[in-house]
Every structure is written in structure tokens, then in C-alpha cells.
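Working notes for the structure below.
FYI, it's all coordinate maths here, none of it is from the lab. Bear in mind that the values here come from a model prediction, so they are computed numbers and not experimental data. All Cβ positions, even for glycine, are placed from backbone atoms using ideal geometry, and neighbour counts span all protein chains on display.
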Amino acid sequence: MTIESRLAELGIELPEVSPALASYVQVMVHDNTAFVSGQLPFLNGELATGRLGADVDVERGIEIARACGLMILAQLRAAGLLERVSQVVKLGGFVASTPEFVEQHKVVNGASDLMSDVFGEKGRHARAAVGVPALPLGAAVEVDAIVALSD
């Protein structure tokens with residue numbers, strides 16, 4: 001089964017890719033590894049902003065992290081790499097949160113669970129889930145990825 005057919009089976013439509021916001025590229029391939037720059041969350045075409053522990057709850061945060069994961073997949077598709085994914089190696093999750101908020105790991109599950117749903121065992125990965133005081137443009141979550149590619 002192709003990844004495109006798996007997405008269709010799951011009823012997932014990938015968003016339009018967003019351009020880089022500064023001096024970087026969205027996807028860099030070195031040897032057979034794709035490094036996907038941090039992706040911001042867009043829900044219904046709007047950037048999802050806020051801070052966990054202040055004005056965003058965990059359930060909404062999970063949905064926002066999933067939106068970051070969808071953008072990672074969209075960037076891989078735009079680079080012509082989606083069908084070449086042989087393993088999602090690592091996700092890095094950054095959660096804008098108050099100092100008292102300690103459930104970043106639950107929030108980033110939104111992106112992690114998406115990768116497992118789409119790629120099965122090839123979607124299981126190492127991960128970091130880090131709380132930060134602020135993210136670009138006020139985003140609530142940002143997720144980057146390291147992905148192994150087949151030839």
C-alpha cells in the first residue's frame with residue numbers, strides 16, 4: 001500500500017505547504033536522510049497560537065501537534081519524498097507553555113500518533129518534547145523531523 005492510499009484510507013488530506021519564514025529550507029536531504037525543518041500548526045488555514053497551561057488545554061494541544069505532523073507529511077510530499085520514507089527516526093516537539101505546565105509529552109503525542117497511524121511500525125520514532133516560553137509567530141507547537149529514506 002502506498003502512503004498516499006494510506007492517507008486516503010484514513011481520510012487525511014494534507015495541507016498546502018507553507019514557505020520557509022526565514023533563511024532556511026523546509027526539507028534538506030543528506031545521503032538517505034531527510035531533515036524536515038520545524039513545522040508550525042495550521043488549522044483551517046489559520047496558525048494555531050497560544051500557550052499550553054494558559055489559553056490552550058492539552059486536548060487542543062494534541063490537535064495542534066497533529067497539525068504540525070500533517071505539515072511535516074505535506075513538506076515530504078512537496079519534496080517528492082513521501083513514498084520514500086523507510087523510517088521516521090526522530091521528532092522534536094516544542095510546546096509553548098507556562099513554567100507550571102508539565103504535559104508537553106502528551107501534547108506532542110498528536111504528531112507521534114499521526115506518524116504511527118500513517119506509517120505503521122515505520123512511524124515509530126525517538127522523540128523530544130520540550131516546553132519553551134515562545135515560538136515563532138506565537139505558535140502553540142512546532143515539530144521537526146528526521147526521516148530515513150529508501151533509494
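Kindly put 6, 60 in sequence by how many other C-beta atoms sit within 10 Å of each C-beta, fewest to most.
6, 60
In terms of modelled amide H atoms, which long-range or inter-chain residues lie less than 5 Å from the amide H of residue 141?
Correct list: 96.
Along the stretch 91-103, what does the Karplus equation 6.51 cos²θ - 1.76 cosθ + 1.60 (θ = phi - 60°) give for ³J(HN,Hα), rounded to whole Hz, x for Gly and Pro?
Once θ is set to phi - 60°, the couplings for the stretch 91-103 become 10, x, x, 10, 10, 5, 8, 6, x, 7, 6, 10, 10 Hz.
Counting other beta carbons within 10 Å of each Cβ, put 102, 27 in order, fewest first.
Ranking 102, 27 by Cβ neighbours within 10 Å, fewest first, gives 102, 27.
For a label point 7 angstrom out from the Cα of residue 32 toward its Cβ, which stretches of the stretch 101-136 have the backbone nitrogen within less than 17 Å?
Within reach of a label on residue 32: 122-123.
Skipping prolines and chain starts, which residues have an amide H placed within reach, meaning under 5 Å, of the one on residue 86, given they are 5 or more residues away or on another chain?
The answer is 148, 149, 150.
Along Cα→Cβ, 7 Å out, is where each label goes; now give me the distance between the ones at residue 12 and residue 54 in nm to one decimal.
Those two pseudo-labels are separated by 3.0 nm.
Relative contact order for the chain: what percent, with Cα pairs under 8 Å and sequence separation of 6 or more?
On the way: 315 pairs, mean separation 51.6, N = 151.
Taking the mean separation of contacting Cα pairs over the length of the chain, I get 34 percent.
Residue by residue through the stretch 108-114, what is 3J(HN,Hα) from phi via Karplus (6.51 cos²θ - 1.76 cosθ + 1.60, θ = phi - 60°)? Round to whole Hz and write x for glycine and proline.
After applying 6.51 cos²θ - 1.76 cosθ + 1.60, I find 5, 4, x, 7, 4, 5, 4 Hz.
Karplus couplings for the stretch 9-19 from phi (6.51 cos²θ - 1.76 cosθ + 1.60, θ = phi - 60°), rounded to Hz, Gly and Pro as x?
4, 7, x, 9, 10, 7, x, 5, 6, 9, x
On a 0 to 90° scale, report how tilted helix 58-78 is relative to the longest principal axis of the chain, with both axes built from alpha carbons and the result rounded to the nearest 10.
30
Run through all the Cα pairs of the chain and give the fraction in each 10 Å bin from 0, expressed as whole percent.
12, 45, 34, 9, 0
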